[in-house]
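Read the structure below first, then the notes.
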Amino acid sequence: MARLFPKIKPSEIKNSGERKVAQALVKHLPKRVEVFHSFNYLKTNESGVLLEGECDFVVLDSKDGILFVEVKGGSLEFNPERMEWLRVLPSGKHQPINKDPFAQARGSMHVIINLIKRRFGHSKAILPFTYGYAVAFPDCSYKGVPPPSVVRDLILDAQKLEEPKNATRRIFDHFHKPTHRAL
């Protein structure tokens, strides 16, 4: 059983999608794994102004690396003709979501990894451990075609969250670095 930070019960998480993801990760991942929910960070823009950021989950696995996860609740589809993500409403109507969830996850990953590099004096170095990102759709089984920039294994839908240990293993395999060392 993985550990959740902050140290609360997953059932106490208000956002239902994030609660489902936390419950699945904590219940099914090994005890060596630490799951950070709503991970806040500060970065500076080109002008040196501090900007706030947040990653829904940072999963720290001492054996496999770090996984950054963005969560999107509800039923989602990708429209390849318009290259946009859509939320399918209960009425059946489609509503564009304002941000590409994979760009969000990837962006958080790069910001946090760069903060780690600077913190340990390796701003230009390649870190010796694996890190990657995924998006969780805990309320649906994703059926459609993913965007060209997305490997289907990076989608943690409701079905994959039933066995997140196997799903996260496949994600780490996609991002595995030949120089990988345990954390």
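Quick rundown of the values:
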| quantity | calculated |
| --- | --- |
| Value of D in µm² per second that Stokes-Einstein yields for the range 1-46, Kirkwood Rh from Cα pairs, at 4 °C (1.567 mPa s) | 114 µm²/s |
| Residue with peak Gaussian network fluctuation, the chain [Cα springs, cutoff 10 Å], from GLY65, GLY92, GLY144 | GLY92 |
| Length added when fully stretched, LYS143-GLU77, from 0.36 nm per residue minus Cα-Cα | 23.0 nm |
| Cβ-Cβ FRET estimate between LEU89 and THR44, R0 fixed at 45 Å, reported to 0.05 | 0.75 |
| Anchor LYS99: lysines whose Cα lies under 22 Å away (excluding residues fewer than 8 positions away in-chain) | LYS14, LYS20, LYS43, LYS72, LYS143 |
| Length-normalised contact order of the range 10-66 in % [C-alpha pairs under 8 Å, at least 6 apart] | 28 percent |
| Crossing angle, helix 101-119 versus the chain [Cα axis fit, 0-90 degrees, rounded to tens] | 10 degrees |
| Estimated [θ] at 222 nm from DSSP helical runs (n ≥ 4, -39500 (n - 2.57)) normalised by residues in the chain, nearest 500 | -8000 deg cm²/dmol |
| Within a Gaussian network of the chain (alpha carbon springs, distance under 10 Å), most fluctuating of ASN98, ASN45, ASN79 | ASN45 |
| Listed residues THR130, THR168, THR44, most fluctuating in the chain (Gaussian network, C-alpha, under 10 Å) | THR44 |
| For the range 118-178, the spread of Cα positions along each principal axis, largest first, Å | 42, 25, 22 |
| Charge dipole (debye, nearest 20) of the range 69-183; +1 at Cβ of Lys and Arg, -1 at Cβ of Asp and Glu | 600 debye |
| Neighbourhood charge, 11 Å Cβ-Cβ cut-off, centred on MET1 and excluding it, Lys, Arg +1 and Asp, Glu -1 | +4 |
| Given 12 as the ceiling on other Cβ atoms within 10 Å, longest exposed-site-free region of the chain for GluC sites (Glu not before Pro) in DSSP loops | 82-183 |
| Range in the chain, longest, excluding exposed trypsin sites (Lys or Arg not before Pro) [loop by DSSP; at most 16 other beta-carbon atoms within 10 Å] | 144-180 |
| Reachable lysines from LYS177, criterion Cα separation under 19 angstrom, eight or more residues apart if same chain | LYS63, LYS117, LYS124 |
| Which of LEU154, ALA167, PRO178, positive extreme of dipole for the chain (C-beta unit charges) | PRO178 |
| Along each principal axis, Cα extent of the chain, largest first, Å | 52, 42, 33 |
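Rule-based calculations on the coordinates, nothing more; no lab input. Quantities reported herein were computed from a predicted structural model and do not represent experimental measurements. Heads up, the Cβs are rebuilt from the backbone with ideal geometry, glycines too, and the neighbour counts pull from every protein chain shown.
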